[in-house]
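Novice: Dropping the structure in here first, questions after.
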Amino acid sequence: MFDRIMDLIIRNPRKVLATFTIVVLIVSSGALNIEIVSNLDDYLPQGDPTVQTLNDIRKDWSVDLIIVYIETDGATGAGNLNEIYRIEKEINRQLGDSGVDYTISLASLIAETNARITGQNSVPSQQELVNLYISQLPDSMKYKLISRDGLDAVMLVSVSRDADHAMLVREVNSIISQAQRMSMHSTGPVAMAQEAVGWVMEKMIPITFLSLASACAALLVFHRNFKIVIISGAPVIYSLALTSGVLGMTGVRFTPTIIAAGCVLVAMGIAYGLYMANRYAEERKRMQPAEAVKRTISTTGKAIFLSAATTMVGFAALMTAPMPPVFAMGLALTLGIFFCFVSAMVAVPCLLLVLKYEKRGKPREWARLAKLTQHPKKIALVIGALTVLSLLCVPYVSTEVNLVDMAPQDIASVGRIKVYSEKFEAGQPSFYAVSGEILDPGVLRSMDELQQSINSVDSVSCYSIVDIIKKMNGGSLPSTRQQSQLIFDNMLGPKERRLLMSEDGKRAIVFVDMPMTPLAKTEQMVSGVRSAMSENPVSGCQTTDLTGIGPVLVSIHNSMMKSQISSAIVAFFAVFVAMLLVFRSFNYSLLTMVPLTITLFWEPLVLVGLGVPLTIITVTISSIVIGVGVDFGIQITQRVIDERKEGAGGLEAVFEAIAKIGQSLFEATATIVAGLIPILLLNYPTMREFILVDILMLSCACLTAVLILPSLYSLKHGKWIESWTSIELNLNRIAIPDVSKLAADASGRASAYVSKHISKLPIRSLAEWLASRRNR
């Protein structure tokens, strides 16, 4: 079957390429259905206790907020409050049936108080009356709606979880833009999430093609031949189209971090095409094009298959992580690498023949690089010292991250949330619910004691129905149930009741505010609140655990550390098993893992040296490095095996392998780096850190493979590997199919089938087209 597919490609390369292109175009239409989300709780599995508590509270309260930040010359002025109230009423009028559950601001609370007293639901024009109404609000609630300097204010817009958040943010922005004498800006979790999604959708395609252009530019520098750009770039375009189309059909929800996947696939796809083109050029010096293609597929094609298989296994390990974004990234990269391999196996041979590719000049052999491996003791000393230094850095690896760092920095809501956090000592809204006879005096006292304990936690403040009732009762809690009910029924407005109590009156929510801080400080605040809750239980009631932005971030961090370890272990052993199945040699497989293992040991040194914390994105680096980094060792090992099969001695095989493949490895590494560099241009700190660490780790993977593997294979002057023919793993005695041929067969069947039915199509040769362009 393999020979039949090769014969088909050699006889009809243009028709096979056209067939494959048609299939790709059909599949790529599914890309329109890709869904990107950015809600913080989407970073955790639905079974996580923090998410379960959050969903339980959502049954009675809409806790998904758009925060409208208001800058004025006086937030308590009657005229400004009237304008704020006008905008707030307009939001409710236009969007009340579209997902806005309620809004609250200092202006609307004053209007409700005025309605109870005068019967007019409006902000009074007399400043003295406004000041009187403001004085009736507890400070714990008042200073969540206006800043302590009295200049800025906020309007909280609560939206339904199931509403179209993107539409709501757009409409709210449209309405608040009509404000007079003040400026209003949307921010908060919902606005940030939607702006982040819009930012990704806007940047994804340009940054992916910029990555492709950067990688192609690197190829031109090395080869000075535009044909290599087409040969190496076409599989990338095909694989991106196929991956996007299939992902759109899966229904999986992605987060903004998916923007990195395109650049990783660009880098890997071009590397596959480059390996094949370089080997073809080498074989072309001594045989005809058809035979050179067959030879390339049977040698480098096998190495690329093993590389793709191990890379897929490494990425698939990310799918074992409990965190949905990590799973989604693993799925996207696994499918992407599969389609990179299929595209390379189908498109590159066709393009090599159609374009009549020949590499200019004589292929260079990096003999000096091969000679470096003659100093194994010096290499071992340097690598050992770096490994020890890296292990000493483990305690200093940072996990500092906050909500702001997880979003692109050039979206308006991010800049505004920083100001909001500073002036209102908020930004990470958290909460818990109390179920029981809330208006019972004993319950109110118990809730009050707990809140006082929470308020003693550094930088944390909270408020609930207790604060309102105390304020309305002259600063003390009522002594009877009747008094509590009387205050609740007659002195609290509809907004206050809806904000703080459930509709049936059996549950109360306690809002716990925390400013935007680094993760370590957030962990301290969350831990302090939870300790206060365990030490001061509300008598006679059930109290949920603390949930919201702060607790979710802490849960993400805890899951992140487990994910890093588990996915890396799974990836490591799965890659080793994949190499066993293809190399069918325990020795070759084990030694190929040695440089990769050392590279992983260097990760703490890279993280600490660059000052990069372990985040929701950088946590995936180990698995990515295992999947991508093993590619360098595989190429070297496969070339050593090929040289041995051609009769070279052990030492000669190692020397020839590294001398001949050195340039390809260097070009592949440089191309991968070039493909990743464009992401550094984005104003997205977490993503930039991820790519920077990736670049250094993959460069280290190439360096360790080039220095360590040849040194190991050269032990005992090459006699060691010469003896391996007698100690190969007993897998050779088992009837295991040749997986590389099976993969090549599968990748060609679709093209063979369709090309059979379009064999009469007149397709013009790309080589003829290029020639005509040159003649012009």
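Novice: Can you find a residue in segment 310-317 that is open to solvent by less than 10 Å² (accessible area, probe 1.4 Å), within 21 Å of G675 (Cβ to Cβ) and over 19 Å from the mean Cα position of the chain (by Cα)? I'd like the intermediate steps shown before the answer.
Specialist: The first filter runs over segment 310-317 and keeps only residues open to solvent by less than 10 Å² (accessible area, probe 1.4 Å), leaving 310-311, 314-315, 317.
Next, from what is left, pick out any that are within 21 Å of G675 (Cβ to Cβ): 310-311, 314-315.
Filter once more, so that each one left must be over 19 Å from the mean Cα position of the chain (by Cα): 310.
Within segment 310-317, one or more residues are open to solvent by less than 10 Å² (accessible area, probe 1.4 Å), within 21 Å of G675 (Cβ to Cβ) and over 19 Å from the mean Cα position of the chain (by Cα).
Novice: Can you say whether T615 is among the polar types (S, T, N, Q) and either open to solvent by 10 Å² or more (accessible area, probe 1.4 Å) or in a helix (DSSP H, G or I) (or both), as far as the supplied structure shows? Don't jump to the end; show me each part of the working.
Specialist: Details: among the polar types (S, T, N, Q): yes; either open to solvent by 10 Å² or more (accessible area, probe 1.4 Å) or in a helix (DSSP H, G or I) (or both): no.
No: the conditions fail for T615.
Novice: Closer than 25 Å to S183 by Cβ, among the small types (G, A, S) and in a strand (DSSP E or B): which single residue out of S122, S158 fits that description? Walk me through it before giving the result.
Specialist: Working: S122 fails: in a strand (DSSP E or B).
Only one candidate passes the filter, namely S158.
Every residue, every condition in (1) surrounded by fewer than 22 Cβ atoms within 10 Å (Cβ to Cβ); (2) touching an Asp or Glu at 6+ places or on another chain (Cβ under 8 Å); (3) β-branched (V, I, T); (4) at pLDDT below 65, yes or no:
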site: T704; (1), (2), (3), (4): no, no, yes, no
site: K716; (1), (2), (3), (4): yes, no, no, no
site: W720; (1), (2), (3), (4): yes, no, no, no
site: W724; (1), (2), (3), (4): yes, no, no, no
site: I727; (1), (2), (3), (4): yes, no, yes, yes
site: N732; (1), (2), (3), (4): yes, no, no, yes
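Novice: Right, next: Could you tell me whether any residue of segment 173-196 is open to solvent by less than 10 Å² (accessible area, probe 1.4 Å), at positive phi and touching a residue at least 60 places away in the same chain (Cβ under 8 Å)?
Specialist: There is at least one residue in segment 173-196 that is open to solvent by less than 10 Å² (accessible area, probe 1.4 Å), at positive phi and touching a residue at least 60 places away in the same chain (Cβ under 8 Å).
Novice: Taking the conditions exactly as written (within 25 Å of M593 (Cα to Cα), assigned to a helix (DSSP H, G or I), within 25 Å of the chain's Cα centre (by Cα) and free of Cβ contacts under 8 Å to residues at least 60 places away in the same chain), does F338 satisfy them or not? Steps first, please.
Specialist: Numbers: within 25 Å of M593 (Cα to Cα): yes; assigned to a helix (DSSP H, G or I): yes; within 25 Å of the chain's Cα centre (by Cα): yes; free of Cβ contacts under 8 Å to residues at least 60 places away in the same chain: yes.
The answer is yes for F338.
Novice: Checking the conditions here, which among A213, A153, A115, A111 is part of a helix (DSSP H, G or I), among the small types (G, A, S) and crowded, with 20+ Cβ neighbours inside 10 Å? Write out each step before concluding.
Specialist: Details: A213 fails: crowded, with 20+ Cβ neighbours inside 10 Å; A153 fails: part of a helix (DSSP H, G or I); A115 fails: crowded, with 20+ Cβ neighbours inside 10 Å.
Going through A213, A153, A115, A111 in turn, the sole match is A111.
Novice: Among A292, A277, which is the only one that is more than 23 Å from V570 (Cα to Cα) and either buried (at least 24 other Cβ atoms within 10 Å of the Cβ) or acidic (D, E) (or both)? Spell out the reasoning first.
Specialist: Working: A292 fails: either buried (at least 24 other Cβ atoms within 10 Å of the Cβ) or acidic (D, E) (or both).
Result: A277 is the single residue among A292, A277 that is more than 23 Å from V570 (Cα to Cα) and either buried (at least 24 other Cβ atoms within 10 Å of the Cβ) or acidic (D, E) (or both).
Novice: Taking L137 as the residue in question, decide whether it is closer than 17 Å to N82 by Cβ and either in the same structural domain as Y85 (by the TED database) or in contact with a strand residue (DSSP E or B) (Cβ under 6 Å, 6 or more places away or on another chain) (or both). Steps first, please.
Specialist: Values: closer than 17 Å to N82 by Cβ: no; either in the same structural domain as Y85 (by the TED database) or in contact with a strand residue (DSSP E or B) (Cβ under 6 Å, 6 or more places away or on another chain) (or both): yes.
No, not satisfied.
Novice: Tell me yes or no: at least one residue of segment 548-555 is touching a helix residue (DSSP H, G or I) at 6+ places or on another chain (Cβ under 9 Å), farther than 30 Å from G119 by Cα and not in a helix (DSSP H, G or I). Don't jump to the end; show me each part of the working.
Specialist: Just the residues of segment 548-555 that are touching a helix residue (DSSP H, G or I) at 6+ places or on another chain (Cβ under 9 Å), to begin with: 548-555.
Checking which are farther than 30 Å from G119 by Cα leaves us with 548-555.
Of the ones still in play, those that are also not in a helix (DSSP H, G or I) are 548.
Checked against the condition, which is being touching a helix residue (DSSP H, G or I) at 6+ places or on another chain (Cβ under 9 Å), farther than 30 Å from G119 by Cα and not in a helix (DSSP H, G or I), segment 548-555 yields at least one hit.
Novice: Something else now. What about S135, is it in contact with an Asp or Glu (Cβ under 8 Å, 6 or more places away or on another chain), under 24 Å from F511 (Cα atoms) and either modelled with pLDDT of 95 or more or open to solvent by 20 Å² or more (accessible area, probe 1.4 Å) (or both)? Break it down stepwise before answering.
Specialist: Working: in contact with an Asp or Glu (Cβ under 8 Å, 6 or more places away or on another chain): no; under 24 Å from F511 (Cα atoms): yes; either modelled with pLDDT of 95 or more or open to solvent by 20 Å² or more (accessible area, probe 1.4 Å) (or both): yes.
So S135 fails the test.
Novice: Looking at (1) at pLDDT below 85; (2) within 30 Å of D513 (Cα to Cα); (3) assigned to a helix (DSSP H, G or I); (4) among the β-branched types (V, I, T), which is the only condition V582 fails?
Specialist: (2)
Novice: What is the number of the single condition among (1) out of contact with any helix residue (DSSP H, G or I) (no Cβ under 7 Å at 6 or more places or on another chain); (2) within 19 Å of L106 (Cβ to Cβ); (3) acidic (D, E) that E496 does not meet?
Specialist: (1)
Novice: Would you point out the residue of segment 592-605, among those that are touching a residue at least 60 places away in the same chain (Cβ under 8 Å) and surrounded by 20 or more Cβ atoms within 10 Å (Cβ to Cβ), that is nearest to I721 (Cα to Cα)?
Specialist: Filtering segment 592-605 for residues touching a residue at least 60 places away in the same chain (Cβ under 8 Å) gives 592, 594-596, 598-599, 601-605.
Okay, now just the ones that are also surrounded by 20 or more Cβ atoms within 10 Å (Cβ to Cβ), so 592, 595-596, 598-599, 602-603, 605.
Working: T592: 13, P595: 17, L596: 20, I598: 22, T599: 24, W602: 28, E603: 30, L605: 33 Å.
Ranking the candidates gives T592 first.
Novice: All but one of (1) within 25 Å of S232 (Cβ to Cβ); (2) open to solvent by 10 Å² or more (accessible area, probe 1.4 Å); (3) modelled with pLDDT under 85 hold for N683; which doesn't?
Specialist: (1)
Novice: Hey, M287 hits all of (1) in a helix (DSSP H, G or I); (2) among the aliphatic types (A, V, I, L, M); (3) free of Cβ contacts under 8 Å to residues at least 40 places away in the same chain but one; which does it fall short on?
Specialist: So M287 meets the others, but not (1).
Novice: Filter segment 639-661 down to the residues that are in contact (Cβ under 8 Å) with a residue 12 or more places away in the chain, open to solvent by 10 Å² or more (accessible area, probe 1.4 Å) and not aromatic (F, W, Y) and list them by number. It would help to see each step written out before you state the result.
Specialist: Just the residues of segment 639-661 that are in contact (Cβ under 8 Å) with a residue 12 or more places away in the chain, to begin with: 639-644, 649-661.
Among the residues that remain, those that are also open to solvent by 10 Å² or more (accessible area, probe 1.4 Å) are: 639, 641-644, 649, 651-652, 655-656, 660-661.
Once the filter is applied, which keeps residues that are in contact (Cβ under 8 Å) with a residue 12 or more places away in the chain, open to solvent by 10 Å² or more (accessible area, probe 1.4 Å) and not aromatic (F, W, Y), segment 639-661 yields R639, I641, D642, E643, R644, G649, L651, E652, E656, K660, I661.
Novice: Restricting the search to segment 80-104, which residues are open to solvent by less than 40 Å² (accessible area, probe 1.4 Å) and either assigned by the TED database to the domain that holds K418 or not aliphatic (A, V, I, L, M) (or both)? Steps first, please.
Specialist: So in segment 80-104, the residues open to solvent by less than 40 Å² (accessible area, probe 1.4 Å) come out as 80-81, 83-85, 87-88, 91, 95-96, 99-100, 102-104.
Correct list: N80, E83, Y85, E88, G96, G99, Y102, T103.
Novice: Another question, if that's okay. Return the residues of segment 408-445 that are touching a helix residue (DSSP H, G or I) at 6+ places or on another chain (Cβ under 9 Å) and polar (S, T, N, Q); say none if nothing qualifies.
Specialist: Residues satisfying the conditions are Q409, S413, S421, Q428, S430.
Novice: Sort out which residues of segment 501-528 are open to solvent by 50 Å² or more (accessible area, probe 1.4 Å) and of a type in the set (G, A, S), and write them in order of number.
Specialist: S527
Novice: Among residues belonging to segment 383-438 that are crowded, with 21+ Cβ neighbours inside 10 Å and within 30 Å of L486 (Cβ to Cβ), point out the one that is nearest to the chain's Cα centre (by Cα).
Specialist: Per the criteria, the residue is F431.
Novice: Right, another one. Given the structure, is V582 of a type in the set (V, I, T), open to solvent by less than 20 Å² (accessible area, probe 1.4 Å) and touching a Lys or Arg at 6+ places or on another chain (Cβ under 9 Å)? Give the derivation first.
Specialist: Values: of a type in the set (V, I, T): yes; open to solvent by less than 20 Å² (accessible area, probe 1.4 Å): yes; touching a Lys or Arg at 6+ places or on another chain (Cβ under 9 Å): yes.
So V582 fits the description; yes.
The values are calculated or read from the model by the stated rules, or taken from the named source; none is laboratory data. The structure presented is a predicted model; accordingly, all values stated were derived computationally and were not measured. Methodologically, a virtual Cβ is constructed for each residue, glycine included, from the backbone with ideal geometry; neighbour enumeration extends over all protein chains shown. Ligands, DNA and RNA are stripped out before the accessible areas are found, and what is left, the full protein with its side chains, is counted by its heavy atoms. Shrake-Rupley method; radii C 1.70, N 1.55, O 1.52, S 1.80 Å.
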